Amino acid sequence: MRSPPVRRRLLQGLGLWMLLGWLAVGAALVRAQGVDLTQLQVGRGDGALTLEFAARVTLPKAVEEAMTRGVPVYFVAQATLRRDRWYWRDERVARVTRSWRVVYQALTSSWRVGLGGLNQSYPTLAEAMAAVTRSAGWRIADLSQLEPGKDYYVEFSWRLDTTQLPSPMQIGLGGQADWALGAERELPVELP
């Protein structure tokens, strides 16, 4: 008589462990979709404050499918240089933005990346995304704009820009986490 309840509890416990395992796998997959800033540093060169960044991006399945169907997708990096002030809001010294357009060209089976007026073709999506997720020597501000003895910091963000998607696609994107792809970070600027 005791055998069936013990077996039932054992099966319930096993089912609970299986459910927890599936939830852990699902959580790992959700975490894998996103942006990880692997490098972000400020430097000086040619009389300017420069920024260097690199990101590791895992595209969500919905975004990758849209891209392979030829939908142009835009990625934006923005850096804002601010001066720390104790008495008021921090002063914005400079703000720079870069916008990349990534689109699949079906006729040539290649990926085209546009930055401003410059376009470059890549054979794979991974190579195209590598061009979009890193930059070196990006000029933020002239060193003459900075006052010695003051504290400065840079607010950096890299994201997928859904506002530049075709209008019919923008209608249902408000609550979809797949299209909310981005990262933000703040780092101090060390002046000599």
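Can you give the accessible area per residue of region 75-144, in Å², using a 1.4 Å probe?
Details: 4090 Å² over 70 residues.
So region 75-144 comes to 58 Å² accessible per residue, rounded to a whole number.
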Study note, to complete from the structure: Of every Cα-Cα pair in region 60-177, the percentage lying beyond 22 Å is 48
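Carbon and sulfur: what percent of region 74-192's accessible surface (1.4 Å probe)?
On the way: 3490 of 7190 Å².
The computed percentage sits at 49.
The values are calculated or read from the model by the stated rules, or taken from the named source; none is laboratory data. Computed from a prediction, not measured in an experiment: that's the story for all the values here. For the accessible areas, the whole protein counts, side chains as well, though only heavy atoms, and no ligand, DNA or RNA atoms are used. Shrake-Rupley method; radii C 1.70, N 1.55, O 1.52, S 1.80 Å.
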